[in-house]
1. Taking region 237-252, which residues are touching a Gly at 6+ places or on another chain (Cβ under 6 Å) and either within 7 Å of residue 206 (Cα to Cα) or surrounded by fewer than 24 Cβ atoms within 10 Å (Cβ to Cβ) (or both)?
2. Kindly indicate whether any position in region 119-142 is free of Cβ contacts under 8 Å to residues at least 24 places away in the same chain and either β-branched (Val, Ile, Thr) or within 16 Å of residue 186 (Cβ to Cβ) (or both).
3. Consider residue 217 carefully, then state whether it is in contact with a strand residue (DSSP E or B) (Cβ under 7 Å, 6 or more places away or on another chain) and open to solvent by 20 Å² or more (accessible area, probe 1.4 Å).
4. Right, residue 184: open to solvent by 40 Å² or more (accessible area, probe 1.4 Å), of a type in the set (A, V, I, L, M, F, W, C) and either at pLDDT 95 or above or not in a loop (DSSP other than H, G, I, E, B) (or both) or not?
5. Quick test of your reading of the structure: residue 156 fulfils all but one of (1) open to solvent by 60 Å² or more (accessible area, probe 1.4 Å); (2) part of a loop (DSSP other than H, G, I, E, B). Name the failing condition by number.
6. Quick check on region 332-361: of everything there that is open to solvent by 30 Å² or more (accessible area, probe 1.4 Å) and in a loop (DSSP other than H, G, I, E, B), which residue is nearest to residue 278 (Cα to Cα)?
7. Considering (1) touching an Asp or Glu at 6+ places or on another chain (Cβ under 7 Å); (2) aliphatic (A, V, I, L, M); (3) at pLDDT below 85, say which one residue 364 fails and leave the rest.
8. State which residue is nearest to residue 283 (Cα to Cα) when the search covers only region 362-390 and only residues that are surrounded by 16 or more Cβ atoms within 10 Å (Cβ to Cβ) and touching a strand residue (DSSP E or B) at 6+ places or on another chain (Cβ under 8 Å).
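The values are calculated or read from the model by the stated rules, or taken from the named source; none is laboratory data. None of the values given here were measured: they were computed from a predicted structure. Quick reminder, even Gly has a Cβ in these numbers, built from the backbone with ideal geometry, and neighbours come from all protein chains shown. Ligands, DNA and RNA are excluded from the accessible area calculation, which covers all protein heavy atoms including side chains. Shrake-Rupley method; radii C 1.70, N 1.55, O 1.52, S 1.80 Å.
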Amino acid sequence: MVILSSQTSMPQNDWIYDWNTATPPEIPVGTVVLLDDETLRDGLQNPSVFDPSIEDKVEILHLMESLGIDAVNIGLPGAGPRAAAHTEALAREIAANRMKIKPNCAARTHENDIRPIVEISERVGIAIEAATFLGSSPIRRLVEDWTVDHLQRTTEHAVTFAVEHGLPSMYVTEDTVRTDPETVKRLYSTAIRNGARAIVLCDTVGHATPTGAFNLVKFVVDEVVKPSGEKIRVDWHGHNDRGLAIANSLAAVAAGAQQVHAAANALGERVGNTPMELMLVNLRLAGLIDRDLSSLRYYCEKVARATKTSIPPNYPVIGHDAFRTATGVHAAAIIKAIQKHDPRLADAVYSGVPAHLFGMEQVIEIGPMSGKSNVLYWLARHQIPADDAL
């Protein structure tokens, strides 16, 4: 179980008893957690998602920057001319505006995918991390008729090629969470020995539980990274098939992962990746980041429009109903808090997420379960006289 400290985000210590902080947090306050945004690459692999125009992608890139997201996957240029053109345009946008966000590109573990990254990096004049990936689990090896020896040789060649051509190397195995320990150790050790300085552990099919994510990351940190003697960044890339992507990502960080991959609105293969917006929310509420997240909803809504997807009304934090209530008891308590002229009290009495931290506010509506206090409050807010006849 991952326990997060929320002491920096709750309104007042005497308003609530916070069981989240009853024991020391497994992710201590002060832990640096980096975020890699996969929206514009892995997020676009869902068959219902529309590939946005480059103009939309550039706007989304700037929204990522405004949210303080650390890194971004700008594409898989080896996929074809459109992918290559969009990848280069995004790289140029980062370079021209001297953006802080760091670009990376996906590539299969062969030269035809890595070479376009080298060429774009050279033309644009910025470092682009090469995220070279290959399947590793026993079930994938069975389907593909691969041996571990073959995977090791492929890893060695791909990482060496990227490093020799001046690219920072991020080495990825797909389905890591269903891969046997010996293969995990062998492949990642090979990648590090040949120059990879970031390794990505993947829950490609959404199989993991928080315990599984923790166990895998801790194994790799203890059995691969520490013995290597190198400074290696460990990343976690998870999917949400069991609805556990956020919990798994936090468990991975608790075990030693330094960067989490995520996508806006949980876009991606099948049910999607770890949702970026909810990673930001949870890191903020845990006191692990402290930044302006008032543009969070706009970022998510922009991605939804650009990809022609929708955000469910009951989606946490950014959904249309996240901070709206029309239920009598709930609304009455919020109204009483508002009447005490303390917005933070109103934010907390019937919400576990303070709306104001994310540029939003509590909204009282009228519905079938509304009481008289809802109606009186709504009329007053809309400057309509609340006479008895009305």
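1. Result: 239, 240, 241, 242.
2. Yes, some residue in region 119-142 is free of Cβ contacts under 8 Å to residues at least 24 places away in the same chain and either β-branched (Val, Ile, Thr) or within 16 Å of residue 186 (Cβ to Cβ) (or both).
3. Against the criterion (in contact with a strand residue (DSSP E or B) (Cβ under 7 Å, 6 or more places away or on another chain) and open to solvent by 20 Å² or more (accessible area, probe 1.4 Å)), residue 217 does not qualify.
4. Taking the combined requirement at face value, the residue does not satisfy it.
5. It is condition (2) that residue 156 fails.
6. Per the stated criteria, the residue is 353.
7. (1)
8. 362
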